[in-house]
Structure formats: structure tokens, C-alpha cells
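Trainee: Submitted below is the structure of interest, expressed as C-alpha cells.
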Amino acid sequence: MSVSLGEILGFIRERCSSVEFFSGDSDLSVQVSNISSDSRFLPENTLFCCIKGEKSDGHDYAKFAQDNGAVAIFAERKLDGLKIPQIIVNSVRDFLGETGALIYDFPAKKLLMVGVTGTNGKTTTTYITRSILQAAGIRTGLLGTIIESDGVNETDADRTTPESSIVQRQLAAMIKNSCGACVMETSSHGLYFGRLKGISYDVPVFTNLYPEHLDFHVTMENYFAAKKLLFTNYSKPDFLGAANFDSEYGRRLLQEFPENLRGFGLSEAADSRAFDYETRLDGTKLKIATKGFNTLELDSPLVGDFNIMNTLCAVTAMRGRVDDAAIISGVRTVPQVPGRLERIDLPNGARCFVDFAHTPSALETVLRTITDLAGNSRGKLISVFGHGGGRYQQNRPELGKAASKFADEIIITNDNARDEIPMEIAKMIKSGVTKPHEIILNREEAVTHALEKLAPNDILVITGKGPEKFVLLEKGRKIPYNDSECVKAWCAK
């Protein structure tokens with residue numbers, strides 16, 4: 001599939017009143033079959049888009065892109081010294097997604113598009129939803145925090161919601177691989193910055209909302225407004241999705257979209273509710289009653305009360321889209337979600353859990369869940385965690401308080417410190433800690449030290465990074481590291 005530069009120019013002019021065009025040594029007949037904002041990734045016949053980021057400006061790489069094979073430039077100012085055509089608008093990002101959709105022949109229109117937003121539970125909900133769709137015989141792509149799957153190939157995700165040009169290319173790959181659906185995590189940043197332009201979701205889903213990213217959004221109302229864009233700006237008029245009835249913000253969405261959203265929760269007033277549930281260390285049993293449908297009895301390998309809500313969320317979103325047999329099978333066969341209460345049994349009978357929990361509410365939920373499931377049979381519980389640099393600092397003492405409610409011992413370590421000083425972050429966390437604790441900033445040493453302290457029936461909970469395979473330090477420097485791999489390597493020794 002390719003379109004001419006003339007078609008692209010006409011498409012943009014329909015949406016923008018101030019567009020300039022400079023033809024260079026070519027004309028409007030130039031064929032474009034790809035779009036990219038990364039000058040290092042330029043497949044054949046690529047339109048290179050100059051995006052201004054926080055740390056770099058794509059305009060500085062236009063000459064490199066030309067020399068690297070780009071056939072045209074999409075920019076915010078005319079660039080001298082270029083021989084290839086240039087399309088100039090005030091904001092490239094405003095038109096990036098829709099232009100990508102045009103170039104890739106509007107792939108989102110050919111897929112059942114499921115978008116999941118909220119603070120906690122997005123990743124697991126997308127895994128369950130994909131499992132249900134695939135149990136129904138629908139090959140399904142997945143874009144989220146952990147992996148990017150085009151239905152055939154999987155790669156590690158760089159960020160939750162990629163740039164819109166990348167999203168459109170990934171959707172096109174799903175079409176090529178015979179996918180019938182795509183399940184996506186949609187972050188507040190991705191929604192706010194318009195990375196989902198060119199997509200109209202069939203099934204938008206809201207999980208919950210807790211304080212996070214307030215260093216960027218400042219207030220919870222701003223944070224909610226960004227999440228709400230999934231429903232107001234990026235969903236079809238006749239969408240049918242799901243929102244958390246047990247959440248204040250979910251109820252606000254349900255009130256605004258009463259014909260389009262089902263409310264899910266533990267409350268009897270919810271449209272879809274879970275009851276008679278039983279959680280164990282090896283999985284969960286639950287029943288789900290949805291208005292207008294038969295009651296489902298489900299068996300899931302996922303652990304914890306919060307996975308009752310994640311399962312309920314996914315099932316509510318899929319009811320009526322697929323048959324009950326697919327829902328039952330999809331829930332039963334959902335794969336382990338990396339870094340989401342991932343259990344590792346240790347040689348001496350102790351247990352380790354690795355989880356992505358990085359907010360106070362999420363950490364408290366994980367520790368409470370494991371404490372409740374273990375019951376009186378467990379020994380001591382050790383909690384190892386840190387907090388990311390450049391993130392909401394008020395959460396740091398709250399993380400210390402949350403861990404102190406359930407952990408017997410706490411080891412404060414480094415997370416992705418970025419350009420902050422790790423010890424300063426640790427001291428902020430320490431201010432909320434009320435249990436015996438240590439500070440060991442080298443994360444591998446912290447985890448190893450905790451492992452060596454474990455006796456049979458003790459439990460180690462490592463949180464904050466989940467499936468991440470690096471520690472991010474100053475100026476973008478990355479050190480290879482993964483919590484699960486660290487634990488397994490220790491076990492092997």
C-alpha cells in the first residue's frame with residue numbers, strides 16, 4: 001500500500017488551513033508507503049516527521065533522514081539544504097496519527113479496537129481480554145507496557161503508548177498478519193499528546209484512578225480529564241465499553257455515557273458483578289453476573305483480589321462480543337503476566353513474588369494480597385522497592401507507610417533514578433517507614449541480600465519494576481537488569 005505525496009498534502013489541507021509545500025527536486029507524484037519520526041528507522045518510501053521532544057528536536061535530523069533514504073519531510077518550519085519535498089504545518093504531532101492512518105490504509109477501521117485506560121490493572125486486563133478474544137478464534141494484537149505483538153511477533157515495549165506513527169505501523173502489521181482485533185493500553189500521556197489520533201475505539205475500558213503522574217498532570221481532575229479523552233475523543237459514537245462502578249471516577253463516566261458503558265464491580269448495583277470468589281496462591285475461582293446474560297463460573301490462574309477486578313473488567317467488556325465458552329476458556333488459559341505478581345518458588349521452600357506495583361495503593365494491595373493468601377503459615381515478609389526519579393515525589397513517604405503495614409522487614413533500593421540522586425529518593429521513602437529497614441542502592445545487591453535472609457516459608461516481595469529489563473540512570477543511561485532474572489540466577493547458584 002502506498003499513497004502519493006499529493007494525496008497526503010490534500011489530506012492535511014482538508015484538516016489544516018495553513019500548510020506550505022516545497023517540492024525540492026521532486027513533485028507531488030512521489031509515492032509514500034511508510035511514516036516515521038525516527039531518522040534511524042526509515043523503511044522504503046518513508047515520510048520523515050520532525051517531532052519536537054523534551055530532549056531532542058527531529059528537525060535537527062532531517063538532513064540525516066534525507067541521506068538515509070527519506071522521500072519527503074513533514075516539519076514545522078522550512079529546512080534549508082534539503083533536496084526532497086517538505087510539507088510544513090504548525091504542529092506535526094497534530095496530524096501525525098491521521099496521516100499515518102492514511103498511509104497505512106486506515107488499519108484501525110479493519111480491527112476490533114479495545115482500549116484500556118486507568119491507573120492500575122491495565123496490563124493484566126489487556127492480557128485477559130486478548131486471551132478471551134483468541135479463545136474465540138480471533139487473532140489479536142497487543143500493545144502495552146510489557147510487549148508489542150502484531151499477532152505473530154513479540155518485542156519488548158519501549159513505552160505504554162508509542163508515538164502515533166508507530167501505532168499506525170503496528171496496526172498495519174496486525175492486518176498483514178490476519179488479526180481481527182487489537183487490545184491496547186492507553187496511557188494518560190498518550191491520550192494527552194494525541195498519540196491515538198487516527199483510531200476510533202470500539203471498546204474503551206476504564207479500570208480505576210489513583211494519584212500518579214501528578215508531576216505532569218498536577219491535579220487529579222487534570223489526570224482524569226486526560227483519561228476521559230479515550231471516551232470523548234477516541235471512541236466511536238456507538239462504542240460499548242466498561243467502567244469501574246466501584247470507582248468515583250468510573251461512576252462519573254457511567255453517568256456521562258449511560259448507553260455506552262457497563263459498570264463492573266463488587267457492588268450489587270453494578271451492571272456486572274463478581275461474587276462467590278475464592279483466591280488461593282495457585283489461582284482464583286469466581287462467579288460473574290452480568291445483566292442480560294447468564295451467570296458465569298470462572299477459574300483463573302491469576303492470583304489476588306485485584307485480579308478478580310481485572311478479570312471482571314475484561315469479561316464485562318467482552319460480554320456480547322464473544323460467546324460464553326470463549327470467555328470461560330480465555331480466563332482459564334490466560335498466561336502469566338510478566339512482573340505482575342509473578343511467583344518464583346525458591347529451593348529452600350521460601351517464595352518470591354515480583355510485581356510492577358509502584359504507587360502506594362498498588363504496593364499496599366500487593367502486600368495485603370500476599371499476606372492474606374499466605375495466612376498463618378508464612379514466616380517473615382521482606383519488601384524490596386524504590387521509586388522512580390522524575391516521578392510524583394509525594395508518593396515516596398507513602399510507599400514507606402504502605403510497606404510498613406504488612407512487611408516485617410524493608411529494603412529500600414534504587415528504581416529508575418533517572419537524573420535524581422538515588423540516596424535522596426531513598427531518604428524520602430525512609431521518612432514513611434516504621435518497620436526495620438535497610439538502604440541498599442544497588443538493586444541486584446539489595447535483592448540478593450534479601451534472598452539470603454530467607455528461611456523456609458518466608459516471602460520476598462520485589463516491586464516497582466516488574467518486567468523491566470534495565471535500571472535507568474542519569475542522562476538516559478541504562479544498566480541491564482531484571483528482577484525475575486536476578487532471582488532465578490540466584491536460585492541457579
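The values are calculated or read from the model by the stated rules, or taken from the named source; none is laboratory data. Given the structure is predicted, the values throughout are model-derived calculations rather than measurements. Note: ideal-geometry Cβ built from the backbone for every residue, glycine included; neighbour counts use all protein chains shown. What goes into the accessible areas is simple: the full protein's heavy atoms, side chains included, and nothing from ligands, DNA or RNA. Shrake-Rupley method; radii C 1.70, N 1.55, O 1.52, S 1.80 Å.
Trainee: Summarise the accessible area of the range 123-206 (1.4 Å probe, protein heavy atoms) by the percent that is carbon and sulfur.
Mentor: Details: 1070 of 2500 Å².
In the range 123-206, the share of accessible area belonging to carbon and sulfur is 43 percent.
Trainee: Shifting gears a bit: Quote to one decimal, in nm, the extra length available between Lys469 and Asp80 on full extension: 0.36 nm per residue of separation minus the C-alpha distance between them. Before the final figure, lay out the partial values.
Mentor: On the way: separation 389, 0.36 × 389 = 140.04 nm, distance 4.08 nm.
136.0 nm is the gain from fully extending Lys469 to Asp80.
Trainee: Run the helix sum for the chain: -39,500 (n - 2.57) per DSSP H stretch of 4+ residues, divided by residue count, reported at 222 nm to the nearest 500 deg cm²/dmol.
Mentor: On the way: 16 runs with 161 residues, N = 493.
Result for the chain, helices only: -9500 deg cm²/dmol.
Trainee: Then there is this: Tell me the per residue accessible area of the chain using a 1.4 Å probe; a whole number in Å² is fine.
Mentor: On the way: 20230 Å² over 493 residues.
Averaged over the residues of the chain, the accessible area is 41 Å².
Trainee: Below 8 Å between Cα atoms, with a sequence gap of 6+, how large is the relative contact order for the range 280-326 in percent? Mind showing how you got there, number by number?
Mentor: Details: 41 pairs, mean separation 16.3, N = 47.
In percent, rounded to a whole number, it is 35.
Trainee: For a quick check: with amide H placed at 1.01 Å from N, whose amide H comes under 5 Å from Leu209's, ignoring anything fewer than 5 positions away on the same chain?
Mentor: Thr119
Trainee: Tell me the label-point distance for the pair Ala225, Phe275, using the 7 Å Cα-to-Cβ offset, in nm and rounded to one decimal.
Mentor: Computed distance between label sites Ala225 and Phe275 equals 4.0 nm.
Trainee: Which percent, to the nearest 5, of DSSP beta bridges fully inside the chain are antiparallel?
Mentor: 40
Trainee: Which ³J(HN,Hα) values, rounded to whole Hz and listed in residue order, are derived for the range 22-32 from phi using the Karplus coefficients 6.51, -1.76 and 1.60 in 6.51 cos²θ - 1.76 cosθ + 1.60 with θ = phi - 60°, glycine and proline given as x?
Mentor: 10, 7, x, 8, 10, 9, 6, 7, 4, 8, 10
Trainee: Here is a further query. In nm, to one decimal, how far is the Asp323 label point from the Ile479 one, both placed 7 Å along Cα→Cβ?
Mentor: The modelled label-to-label distance comes out at 5.4 nm.
Trainee: Where the accessible area of the range 241-297 is counted over protein heavy atoms with a 1.4 Å probe, how much of it, in %, is carbon and sulfur?
Mentor: 41
Trainee: With +1 on each Lys and Arg Cβ and -1 on each Asp and Glu Cβ, how big is the dipole of the chain about its Cα centre, in debye rounded to the nearest 20? Write down the numbers at each step before the final one.
Mentor: Working: 57 positive and 63 negative charges, 73 e Å.
About 360 debye.
Trainee: How large is the accessible surface of Ser431 in square angstrom, using a 1.4 angstrom probe and rounding to the nearest 10?
Mentor: Answer for Ser431: close to 90 Å² accessible.
Trainee: Would you mind checking the pairs Lys427/Lys475; Lys227/Lys427; Lys228/Lys401; Lys83/Lys176; Lys285/Lys380 and listing those with alpha carbons more than 24 angstrom apart? The partial results should precede the final answer.
Mentor: Values: Lys427/Lys475 22 Å; Lys227/Lys427 32 Å; Lys228/Lys401 30 Å; Lys83/Lys176 33 Å; Lys285/Lys380 27 Å.
As for pairs spanning more than 24 Å Cα to Cα, those are Lys227/Lys427; Lys228/Lys401; Lys83/Lys176; Lys285/Lys380.
Trainee: Please list, ordered by chain and number, the residues whose modelled amide H lies under 5 Å from the amide H of Ala181; skip anything fewer than 5 residues away on the same chain.
Mentor: Amide H to amide H, under 5 Å and 5 or more residues apart or across chains, Ala181 pairs with Leu112, Gly141.
Trainee: What is the local net charge at Phe470, summed over the other residues whose Cβ is closer than 15 Å to its Cβ (Lys, Arg +1; Asp, Glu -1)?
Mentor: Here the charged neighbours net out to 0.
Trainee: I would also like to ask the following. Could you derive backbone 3J(HN,Hα) for the range 266-276 from the dihedral phi with the Karplus parameters 6.51, -1.76 and 1.60 (θ = phi - 60°), listing whole Hz in sequence and x where the residue is Gly or Pro?
Mentor: 8, 5, 5, 7, 6, 5, 9, 9, 9, 8, 6
Trainee: Same structure again: Relative contact order for the chain: what percent, with Cα pairs under 8 Å and sequence separation of 6 or more?
Mentor: Values: 1117 pairs, mean separation 50.8, N = 493.
It rounds to 10 percent for the chain.
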